[in-house]
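Report on the following structure.
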Amino acid sequence: MAANEPLPGTADIWEPETLDWIELENNARDVFHRYSYSELRTPIFERTDVFVRNLGNETDVVQKEMYSFNDRGGRSLTLRPEGTAGVIRAIAFRGLEQGDEARVFYFGPMFRGERPAAGRRRQFHQIGVEAVGNDSPWMDAECIAMLTQYLDQLGISGSRVMLNTRGLPADRPKISAALVEYFTPHAPAMCEDCQRRLSTNVWRMLDCKNPACHDIALKAPNIVDLLGDESRGFFTRVCQGLKDLGVSYELAPRLVRGLDYYIHTVFEVTHPGLGAQDALAGGGRYRIELPGGKKAVEGIGFAAGMERLLMARASLGLQTQPNAEADVMVLSLGDNALLPGLQLAQQLRLDCGGLRIKADFSGRSLKAQLRGANKAGAKVALIRGDDELAQGSVLCRDMTSSEQESVALSNLAAWLRGKLPTA
RNA sequence: GUAGCUGUAGCUCAGUUGGUUAGAGCGCCUGGUUGUGGCCCAGGAGGUCGCCGGUUCGAACCCGGUCAGCCACCCCA
């Protein structure tokens, strides 16, 4: 049995669950198209350096979570751990002229070698968007509004938009210095990680979840207060745009995020139905250097975890109801009826589109086949044995009322369409 | 990588202080009409008790290891 289990952190997804996934995808297409974003599909694996150069060599994702391997030519390849790097690579490959913009969305599997937990898989799926080639705060507001509209359309209520800014790179030394100055005297009382972060990455001390650290971080200097005029002005406009669009958000002065490329706006959307990993989606504005000395590209984007969207919906009781396996069941009695049964089912699929038609080739007793039809949720069972074959008719049984009538083969499609008007 | 909890039939789970052929409900199959489902009745199939080793006269139960799942830390989607 163990030999057939999927690998840790991976899963087989069956109907009706697949219907929920389709729901996620269809709504994404619907909403994002309205904002003039177009669908982009990039490869699931890339050269390893695509991710290393984009995410930053020091990030946890690059350091210890990537599924990397050498192909037969000895190149180092990596299963994508996130979507942005591949999208940026694709946009750069196609070429983006000055002043041009690209607005795209994508969805698909991502891979990270982490220890699985609630809401965290090794193969997980994201729906993401990227708007590249713009530097406007209004784009940030629109992007976040698009995300909340998507959540609304999925019926996911109760989520919270947490918003912060990291400012421009030029603001960072001043802010870092202020944070080091604040945290240094408190360091002995903080966790090991934070003591290390004091020299490696002070910003992360702001969102440490260790209770003692958290209390100390609460009184840390506010990033927004230390921003230069340009950064502050940018952030102010993002907030203003959101207010104007009626998107409610909360300022989260200690929200930092893990990837190096973020500038200005960073945000996360959390949901109470998720457990410890409570982020439904996260994103922000970024500036990414392209290889070959080309100008850096700037953009705004986010990624939402599909499994987490599903968890949030489930916590609200929003799972899709399973379809009946079949609307119509074709039952064949005796060996002579099997081939005609195959033909009949096929013909009905052509004549009555929209109906699910399943043929029973088991050769079992009528009783057993009817039991099967009942189990499949069929509304109509079409029964044919030697008698019906001889007469050129089909015995049509209404599985709900238990009434049945003999219908000539030539009238069957019309009879079915009348009986089950979804066709 | 670290900690806790869990692992018995297809599914959800019982299994008393270690004691013979390991149980229930649901599901499945067959029969109760030579060709008629659901409800009911009768019968039946199905389990190396995650795996390996140890203790013992004897292990689903105790001990060690290992694998897997869940959840948490971490990180984030």
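The values are calculated or read from the model by the stated rules, or taken from the named source; none is laboratory data. For clarity, every value in this text was computed on a predicted model and none was experimentally measured. Ideal geometry is used to build each Cβ from the backbone, glycine not excepted, and the neighbour counts take in all protein chains shown. These area figures cover heavy atoms from the full protein model, side chains too; ligands, DNA and RNA do not enter into them. Shrake-Rupley method; radii C 1.70, N 1.55, O 1.52, S 1.80 Å.
Normalised by the number of residues in segment A:258-405, the average gap of Cα pairs under 8 Å and 6 or more apart makes the relative contact order 17 percent.
Overall, segment A:159-246 carries a charge dipole of about 180 debye about its Cα centre when +1 sits on the Cβ of Lys and Arg and -1 on the Cβ of Asp and Glu, all other atoms neutral. When the solvent-accessible area of segment A:328-405 is split by element, carbon and sulfur atoms take up 48 percent of it, the probe being 1.4 Å. Summarise the long-distance tail of P(r) for segment A:90-234 by giving the % of C-alpha pairs beyond 28 Å. Of all Cα-Cα pairs in segment A:90-234, 44 percent lie more than 28 Å apart.
For segment A:1-51, the Kirkwood hydrodynamic radius from C-alpha pairs, put into Stokes-Einstein at 4 °C and a viscosity of 1.567 mPa s, yields a diffusion coefficient of 90 µm² per second.
Taking amide H as placed 1.01 Å from N in the peptide plane, the amide H of A:ALA326 sits under 5 Å from that of A:ALA378, each at least 5 places away or on another chain.
Rounded to two decimal places and with Rh computed the Kirkwood way over Cα pairs, what is Rg over Rh for segment A:328-419? Using Cα coordinates only, the ratio equals 0.91.
Each semi-axis of the equivalent ellipsoid for segment A:309-356 is √(5λ) with λ an eigenvalue of the Cα gyration tensor; in descending order they amount to 37, 12, 7 Å. Working from label points 7 Å from Cα in the Cα-to-Cβ sense, the A:THR18 to A:ARG196 distance is 4.3 nm.
Distance distribution note for segment A:82-165: the fraction of Cα pairs above 14 angstrom is 73%. Each Lys and Arg contributes +1 and each Asp and Glu -1, all at the Cβ; summed about the Cα centre of chain A, the dipole is approximately 540 debye.
Computed with a 1.4 Å probe over protein heavy atoms only, the accessible surface of chain A comes to 51 Å² per residue.
Counting only lysines at least 8 places from A:LYS174 when in the same chain, those with an alpha carbon closer than 24 Å to its own are A:LYS219. Relative to the longest principal axis of the Cα atoms of chain A, the long axis of helix A:172-183 makes an angle of roughly 80 degrees. Pairs over the 23 Å Cα-Cα cut-off, from the set A:LYS375/A:LYS419; A:LYS64/A:LYS209; A:LYS358/A:LYS379: not a single one. Taking only alpha carbon atoms, segment A:232-285 gives an Rg to Rh ratio of 0.98, where Rh is the Kirkwood radius.
The angle between the Cα long axis of helix A:229-245 and the longest principal axis of the Cα atoms of chain A comes to about 30 degrees, rounded to the nearest 10.
For chain A, what's the relative contact order in percent, using C-alpha pairs closer than 8 Å and at least 6 residues apart? Relative contact order, chain A: 14 percent.
Among A:276-286, A:28-38, A:321-331, the peptide with the highest mean count of other Cβ atoms within 10 Å heads the list, and the full ranking is A:276-286, A:321-331, A:28-38. With all pairs of different C-alpha atoms in the average, the Kirkwood value for the hydrodynamic radius of segment A:242-386 is 20.7 Å.
For segment A:409-418, putting each phi into the Karplus relation 6.51 cos²θ - 1.76 cosθ + 1.60 with θ = phi - 60° gives couplings of 3, 5, 9, 4, 4, 5, 4, 5, 5, x Hz, in residue order, rounded to whole numbers and with x for Gly and Pro. Its Cα centre serving as origin, segment A:328-419 has a Cβ charge dipole (Lys and Arg +1, Asp and Glu -1) of approximately 480 debye. If the Kirkwood radius is taken over C-alpha pairs of chain A, then at 10 °C and 1.306 mPa s the Stokes-Einstein diffusion coefficient equals 63 µm²/s.
Across segment A:255-262, computed HN-Hα scalar couplings (Karplus, 6.51 cos²θ - 1.76 cosθ + 1.60, θ = phi - 60°) run 6, 10, 6, x, 8, 6, 7, 6 Hz from first to last residue, x flagging Gly and Pro.
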